[in-house]
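Novice: Take this structure, written in structure tokens, and hold onto it; I'll ask about it next.
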Amino acid sequence: MSERDSATPVYGIAVAAELAEMNAASLRLLEQKGLLTPARSDGGTRRYSDDDVARLQRVARLRDEGMNIAGIGRVLALEDENAGLRGELEAERAESEALRRREAERG
């Protein structure tokens, strides 16, 4: 049996809410505010991934620290941007390393 990708949407809203220790209405509100975009089944049912649940748990921690929805949205946006930039940097490093190896092989 293969291991499932953390981005694979598998949970319905009730299960995701339970895993994130929130209620389903909170998940809908967070989606409405643009803090979360769950996948949808062909029938339109929300489906949440492990990554979505981790994001919900992050939202809950920030909320517990006293941050409002706008602040949470900004923190998440900056974290997403940071992750994207780190991914780009890693790709550039890998490409640079591959180029160095090719040059070394040519000698």
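Novice: From (1) assigned to a loop (DSSP other than H, G, I, E, B); (2) open to solvent by 40 Å² or more (accessible area, probe 1.4 Å), pick out the condition that doesn't hold for MET22.
Specialist: Every condition holds for MET22 apart from (2).
Novice: Condition (residue is open to solvent by 80 Å² or more (accessible area, probe 1.4 Å), under 24 Å from ALA83 (Cα atoms) and part of a loop (DSSP other than H, G, I, E, B)) applied to the range 26-40: is it met by at least one residue?
Specialist: Within the range 26-40 (the criterion being open to solvent by 80 Å² or more (accessible area, probe 1.4 Å), under 24 Å from ALA83 (Cα atoms) and part of a loop (DSSP other than H, G, I, E, B)), the answer is yes, since at least one residue qualifies.
Novice: For the range 42-54, what are the residues that are closer than 22 Å to GLU3 by Cβ and either open to solvent by less than 60 Å² (accessible area, probe 1.4 Å) or polar (S, T, N, Q) (or both)?
Specialist: Those that are closer than 22 Å to GLU3 by Cβ and either open to solvent by less than 60 Å² (accessible area, probe 1.4 Å) or polar (S, T, N, Q) (or both): TYR48, SER49, ASP50, ASP52, VAL53, ALA54.
Novice: Suppose we keep only residues that are at pLDDT below 95 and among the polar types (S, T, N, Q) within the range 1-19. Which one would you say is least open to solvent (accessible area, probe 1.4 Å)?
Specialist: Restricting to residues being at pLDDT below 95 and among the polar types (S, T, N, Q), the top hit is SER6.
The values are calculated or read from the model by the stated rules, or taken from the named source; none is laboratory data. Quick caveat, the model's predicted, so the values are computed rather than measured. All Cβ positions, glycine included, derive from the backbone under ideal geometry; neighbour counts span all protein chains shown. We work out accessible area using only protein heavy atoms, side chains counted, and drop any ligands, DNA or RNA first. Shrake-Rupley method; radii C 1.70, N 1.55, O 1.52, S 1.80 Å.
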